Each structure stands twice: as structure tokens, then as C-alpha cells.
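The structure appears right after this line, and notes come after that.
Derivation of every value follows stated rules applied to the coordinates shown; laboratory data play no part. Values in this document were obtained by computation on a predicted structure and should not be read as measured data. Here the Cβ is made from the backbone with ideal geometry for all residues, glycine too, and neighbour counts use every protein chain on show.
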Amino acid sequence: MALFKLTLKELQEKFTGGEVTAGEIARAYLLRVSQVEPSIKAYISVTTKEVLLGKAQGIDVGLKAWRKTEPLMAMPIGIKDNICTKGMRTTCGSRMLDNFVPPYDATVMNKLNAQKPLIIGKTNLDEFAMGSSTEHSAFGPSRNPWNQKHIPGGSSGGSAAAVAAEECVAALGSDTGGSIRQPAACCGVVGFKPTYGRVSRYGLVAFASSLDQIGPITKTVTDAAIMLNALVGYDPLDSTSADRDFPDFTKSAKKKDIKKLTIGVPEEYFAEGLDSEVAEKVQDAIAVLEKIGGKIQAVTLPSTARAIATYYLIATAEASSNLARYDGVKYGFRAKECKSLAEMYHSTRSHGFGPEVKRRIMLGTYALSAGYYDAYYAKAQAVRTMIQRDFDEVFKEVDLLVSPVMPTPAFQLGERLEDPLQM
Amino acid sequence: MAYEPVIGVEVHAQLRTQTKLFCGCPTSFGLPPNTLVCPVCLGLPGSLPVLNQRAVEMAVRTGLALNCELTLASQFSRKNYFYPDLPKGYQISQYDLPICGPGWLDISVKGKTKRVRITRAHLEEDAGKSVHEEGAEGSQVDLNRTGTPLLEIVTEPDLHSSDEVDAYLKALRDLLVYLDVCDGNMEQGSFRCEPNVSLRPQGQEKLGTKVELKNINSFRFAKDALEYEMSRQAELLSEGGVVVQETRQWDVQKGQTAVMRSKEGAHDYRYFPDPDLLPITLDSEWIEELRATIPELPSTRLQRFTQEYELSEYDATILTDSKGVADYFEACVKLFPNPKTVSNWVTGELLRELNAAGTSAEDSPVSPERLAELLQLVDAGTVSLKGARELFPELYASEIAPEQLVKDKGMVQVSDEGQLSGVIADVLANHSAQVEQYRGGKEAVLGFLVGQVMKASKGTANPGKVNELLRQALTP
């Protein structure tokens, strides 16, 4: 079987067992990417052949001295292009950062690099992770590998498409309001948003700081657990990272434990507007969980209807501030031939940002404005606490929740571009 | 009509931490542009702030010294505005939950004690610097200062004259320097003040419209700018005009304030809690630990100096005006336990030289040890008081030990009776008329004779001894 067809765990075992070398893995994926990428467009930047083969050779040679492997050694991994990679351009899918090469690595990159993976490239995303289709990328949309007329989801659509199209064995995404889970669902792969604070945000270009979290997109749940083991942990560089112990996630990802679990099905997630095909598939999955021993229990999350409005106020408010730094002064895009500072700001931000980003900056700026703060931002924070209490309550009764990720299957490219609300 | 000025003051004190408020870059001054920067203070995409605990300690210690209510869970907020030297497009500051709440500072104005209420004190990061070079196209930005910790200390509008403001600013600066949380240097911008002033008719309770003053980097300017602004407003009001709420800048050259921005031009900073930082939590145990590190404060020290050393209030005030001088004084008194004499020398000779050279007492070329040595020489009669005073500038300018300097300059005082009686005999022989007058009861002549002996000894004779020996010689 071709190497690219293997799961992370399988490839890991082959490499650790000495059945394949890093060089062979690198060549297999270089070939795969060259064949698939022109139609999928999962990546914004791809590591060059020379660099990747050099890395692989370094591993194969070094291994003789190290005499031990790491879980992700020689594993081909894609990185969402809003995670800072030292010396490798990090665009955030934006014209604004088209030429931005970070002088430092994100904490997750330091953690990954310590295990010597093969970084295949930087994956496509909606600009600054704002969107759910990759159509808001300044570099054009990625395609859903299952049907290229359809979106791969977003914003981590490039990562999901890359894993689904087997252009890498696992990828990093980031999730603020579904940006890992939704594209994973669209592309039929596993997406996992860790609890806020589990994974350091240092080096993740901020969209909405109180919601952003890096997580894996993989082919299997076990693979997600392997990735998660490498990513989690307290980071002194991120004040919001949690200083807590963490288990070996691969152990808790074992099937036999399901008999001890109570699985909640929140009724609000199966309300009107849910596509019947999606509903059917989710019910099938619930039936499987029940069959293998899980205890299914109907639950309620009464604040669900308020979640989207709350999200749109908090996320855009934080984004309006987080994206203020792109002003053309220090790095990234700067509009030319401006006669004043005000004109430089105006022109740089008018031309550097795409329409969805501008929309959200305006929304957020409004929500934080004098006279509106209490009605919007402060209110949204209060509702956020209500929503959080819903979950606190429900998790007293159940161990996990099962729900559809999105109400419809992946829609067609261009289908909803004209209607930002539908998105 | 008579107007009463109502003045409040905002001070930005740069905290003396080794590193910046949210990253590990040094806080040094005067280095080449953009050399003290990292992804965090440059505001690079993806970077995150981590709070400097030392800055929090300094803020808490200042709060305790200012009798502030401390906020047990305070919070950082983002102040959003665009400026080239503000790399993130927002300043991390504190807004609705400052670390230090209401407090007070007692100041002394013309011998009277006055209590100035403190509204709040909060932590924030400094911005960078925009550099506009003459003739150059465009401007440049230096981000070395970006992220330097500041404590903004705000008073209630409790001050009513430029003298009171002056006294408050000096008392606050002394306090911060005593606490070792700020170097107090106004020229380098580590202690910046922004007074706001309004006038109201004498006796009226309602406050007038206030004007904020900026670009004040010395105590002198604070006084001048306030005086100017108060008379500008008084003139305006008495002519039936109205004061516009605005920020005005002090122009040193012109000696005037000029409009910087009006209230209409004020920003909507869109403050909101910074989601990258956790609340600052203080527990009582930590607060007590920090309280224990607070040194004796200027006002307490002044009181102690008047009691323990029996100094006048005036001398004690001068001595405790700066921690360095007070420390110097006490170090010297330990070696030469005559407080009054040491006080005279420190407030006189020493401060004269230090002020002329612009040097602080900590860096004084004459150490407390050397001064004490000199005073011992005077005490032992090795050098006359006058001689010692004359020698002091040279002592200040050189590193020679006082005793050696006295010898080198031939100023060793002659107290030896044998040596002196020869000179005295000569003087008496040459001034027999005066000797007769003295013996005839005109005792005032003694002064003249002492002068002659001093002259003959080229000033090295011990005048006390000369006096004594002359009396003996003249008494039949």
C-alpha cells in the first residue's frame, strides 16, 4: 500500500520498526503533493523538495546516533498558515501578510520540531481565520477532495483538505468558532478543538484571543490523540495556558472504555433547519455508540439559541483590536504613494484586508464603542457565562455530548459568498 | 472677580524594573533605536504578553505608601488607538479595575500640612518614540521604550495653587525615589506630570471647565505652565469668555500653552478587558510581605531628624528632600557624631558642589567617610574651620585624603605653644602702643593683635590658641 494511505499511527509504526526511512516518506509525500495539490490547493506554501529531503536525510543519518525515535519523527504534517513558523512565510491567508516571514516559532512549532517531523507546508485558510469555506483566503479557495465543486469548510479548510487528500498525515488547525471541527466534518476527517488553555496560543496569529485554540486534524481519533500529546502543556509565554497535568490521550482514546460513559444528546442541536441527511447520519452514529455500550441520554442546553449572537459580538470585538496592528508601519503590506499618515493607514487597511475581515473589524469596533459597550460587549460576556453554565450543568450528568457539527453537508463553492449571514 | 484655581495631577512614573512590563527586554535608556525589542514588544503577529511580577510589586508598594485601597483582583484593559509608535494598535493599561484605588499623600506647603487625595494608580505599558528628523522624508519609529512599565498616579482636584502642585510633585517624587520604584528623572521622562486646571469664582462649589497640560518635563515648567494657564483662564473668564475643554501643550520657548487637541477631537479608546492576560490577584500575605519592604518615608524621616538629631525643621527638610542626601547625612553622622556640624556641612558645602555639578549624593566624589575625616581634622584643631571650608572644593575635585590635602596646602593649623609664642613675642614687640592700650583697659585691641599674629603665621595659627596665649602674655 502506498505510504500516503496510512494513518499516523500506522506510518509511525512502520518508521519506528525500520520498515521505511524518513527519506522514503518524504519522497512519497512530495510525489503525492505534486499530483494532488494542483486541483485541491490545500497549501499556501509548500516546503521545497530540497529542504524536505534534506530534513529527511538529517533524520535518517541522525537516527543512528540518537538510537531512539519520537512519536512524530519523520511524520508529514501540514501547518495552518496562521501559526508562526520561523523563516517560513506566514500569511494568514491575507494580502496584509503576503510577505511576512516570522523571526520566531510558535510554541506548538517548537514542540513539534523537537520531535523532528517533516513539515510539508502551510495550509490555506479564510483570511485571519474568519470564515467557514476558505473562500475568504486572499490566495483563492481550497477544494473539498471528495467533490471539488464543494467547499472544504473553514477556516482550517486547507488543513482538512490536505489530510483528506492525503497530502499530509496530520495537520494543525485553529478553532475560534468551529474552524477545526467544521472543515473536518466537511472533509470527513477527525477535528479536535482542545479545551481553551490546553495548547499554547503563543505564535498563533490572534483572531479572537479568548476563543482561539490550536488543535489537530487527523484521519483517526487515535491519530488526534497522538498529535494532542505533542501539543498540550503549560507555556510560560502564554498567560492563558493552563498549568495542569495532562493524561496520555492515546490511552483515553481506546474503544473499550465507552461502556462506562454516558453520552448526552442536546435537543437544541437537532432543531429546525438541520438537514435531514445530516440528522440521519448523526442518528446512525448515536445508534452505533449505543450498540457498543454507551449510555445515551437526552439533555438540554437552553442558551444554545443565543450562542451565535454572543460569539459574533465577542469574537469581532476582540478581532477589531487584535487586527489593529496591521497598519503598514512595521511589517506586512503597506499601501504605496500615501501623502499622510492617515492616508497610509486608510489605504493599507482598505487594500490589505478582504471584505469579510473588514466586516468583522467594523462590527467589533461598533460593539466596543462608547455608548454601545454595555449593550453589546458587556451583555455578550454575561450571556457567555450563561452558556458556560449550561455546559457545567450538563456535564454533571453526562461524560460527553454528541451533536452534528454543522446543519448541512459541505455546500458548493460560491453558493453562499453573497450572503455573509448564511455563512 | 477673584477666581479659585482647582488643580488635579496625573503623574506617569516609570518603574525601575530590569525588564519591560510584558516581555524580557531590558528597560535601558539611550541605546541605538530598535535594539531593545522582541516579538512581544514589537507587537509581532502571534506574540503574547506575560506580566512582569516585579512591576506589580512596585505598584503595590507604592499603593501602600500612598495609603491606597488595593484592588485584590485588578485587570488589564486594552486602550485602542492608532499611532505609529504604538505597535499593537492598543496600549495595555488598566481601566475600570486599577491595582491601587483611593488613597492620600500628605504634603507640606509653607509649613502647613495638606492632605492630597489620590484617586487611583494603575499599571500600563509605555509607547515607543516617533522620530522626526530635520529635512528627512517621513518619520521614523524607535520602539526601545515600548512596553516599559509605567505607574499612572492620579489625584483628586485637591490642589489650589502652583505652589501646592510643586509641593505635591516633589513629595510624590521623593516618595517614589525612597521606595526605589522610580528614578524620578523628569528630563529623561521617567517622571512625567500632566496637571489639569480649572477656575471657579471664589466661593462657588461647581467646578469650572478644565484644561489638561502636557509637555512638562521639569518642576519649573509645571509651575510656569500652571501660572500661565491660570492667568489665561482668568483673563478669558473676566472678559465674559468661556474656557474650552481641551488639552494644551506647554511651549517652553514662548512661555505659553497652546491647543493640542480639543474634547471633540478626543479618542473613543474602546477599552475592554485584555483577553491575553489574567486578572492580577493579590493575597493579604503577599501584601504584608511587600509592606515589610517599605523603607522609612520622607515625612517620617523628616520628623525623626528633628527629634533624634535635634535639627531645625528647615535643615531636616533639606536633608530629607532626597533619599541620597539623607542617607549621606546619616552615614556621616555615624562616623562623626555631631549632627549639627554634619548638617551644616552637608546642606552647605556639599550640596553647593553637588548642585553645581548636577551630581547626586549617591555619586558624590566626597564620600561620607572623607567628609567625616575632614570634620575630625577641624575638631582636633589640625585645620581651622575657615581653612577646611576653603579646602572643600579641592577635596571635591580630587581623591586625596583630607589630612594629606591639608598638609600639601600648608594649612596645618599651628597650635604648638612654643611655635606660637615666638610669633606672639614678635608681634607684641612691634606693637607696643596697642599693648599699652590693652593694658590700659581697652580690651578690644586684642582682636587687632590676634589678627596680626594670624597674619604673621600666614593664617596657620590656631586662632583660639592665639587668643589664649595673647591674653596670658598681656596679663602682667
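Its Cα gyration tensor gives the range A:281-410 an equivalent ellipsoid, and the semi-axes of that ellipsoid, as √(5λ) in whole Å with the largest first, are 43, 19, 11. Please give me, ordered by residue number, the GluC sites (Glu not before Pro) of the range B:258-307 that lie in loop per DSSP and have at most 11 other Cβ atoms within 10 Å. In loop regions of the range B:258-307 (DSSP not H, G, I, E or B), the sparsely surrounded GluC sites (Glu not before Pro) are B:264. The residues neighbouring residue A:193, those whose beta-carbon lies less than 14 Å from its own, together hold a net charge of +2 under the Lys/Arg +1, Asp/Glu -1 convention. Overall dimensions of the range B:3-287, expressed as equivalent-ellipsoid semi-axes from the Cα gyration tensor (√(5λ), whole Å, largest first), are 31, 24, 18. Could you work out the mean count of beta carbons from other protein chains within 10 Å of each residue's beta carbon in B:80-89? For this peptide, the per-residue mean of nearby foreign Cβ atoms is 5.
Relative to the 2.2 N^0.38 Å rule of thumb, the protein assembly as shown has a C-alpha radius of gyration ratio of 1.31. Distance from the alpha carbon centroid of the range A:191-218 to that of the range B:392-412 works out to 71 angstrom. In this structure, the pairs whose alpha-carbon distance is over 32 Å, taken from B:88/B:214; B:88/B:263; B:114/B:206; A:339/B:223, are A:339/B:223. Listed by chain and number, the lysines placed with their C-alpha closer than 16 angstrom to that of residue B:409 are B:386, B:458; residues fewer than eight positions away on the same chain are left out. Across chain A, Cα pairs under 8 Å and at least six residues apart give a relative contact order of 15 percent.
For chain A, the percent of C-alpha pairs falling in each 20 Å distance bin, counted from 0 to the bin holding the largest distance, reads 25, 59, 16, 0.
Amide H to amide H distances under 5 Å link residue B:109 with B:114, where only residues 5 or more positions off or on other chains count and H is placed in the peptide plane.
Work out, in µm²/s and without decimals, the Stokes-Einstein translational diffusion coefficient of chain B at 37 °C, 0.692 mPa s, Rh from Kirkwood over C-alpha pairs. For these conditions, the coefficient is 123 µm²/s. Sites listed here are trypsin sites (Lys or Arg not before Pro) in the range A:66-168 whose DSSP assignment is loop and whose Cβ has at most 13 other Cβ atoms within 10 Å: A:67, A:68, A:149.
Here, the range B:298-408 yields an orientationally averaged convex hull projection of 6.3 nm² when only Cα atoms define the hull. Counting every other Cβ atom within 10 Å of each residue's Cβ, A:232, B:131, A:265 order from fewest to most as B:131, A:265, A:232. Within 10 Å of the Cβ of each residue in A:318-328, the mean number of Cβ atoms contributed by other protein chains is 6. Exposure proxy ranking for A:50, B:205, based on other Cβ atoms within 10 angstrom of each Cβ and starting from the fewest, stands as B:205, A:50. When each of A:92, A:338, B:41 is scored by the number of other beta-carbon atoms lying within 10 Å, the sequence from fewest to most is A:338, B:41, A:92.
Cross-linked pairs A:86/B:129; B:442/B:465; A:193/A:251; A:41/A:254: Cα-Cα separations exceed 25 Å for A:86/B:129; A:41/A:254. The DSSP beta bridges internal to chain A are antiparallel in roughly 50% of cases.
Looking at the range B:146-220, the trypsin sites (Lys or Arg not before Pro) that sit in a DSSP loop and have at most 13 other Cβ atoms within 10 Å of their own Cβ are B:206. Computed over the protein assembly as shown, the per-residue total of -39500 (n - 2.57) for DSSP H runs of n ≥ 4 gives a 222 nm mean residue ellipticity of -12000 deg cm²/dmol, rounded to 500.
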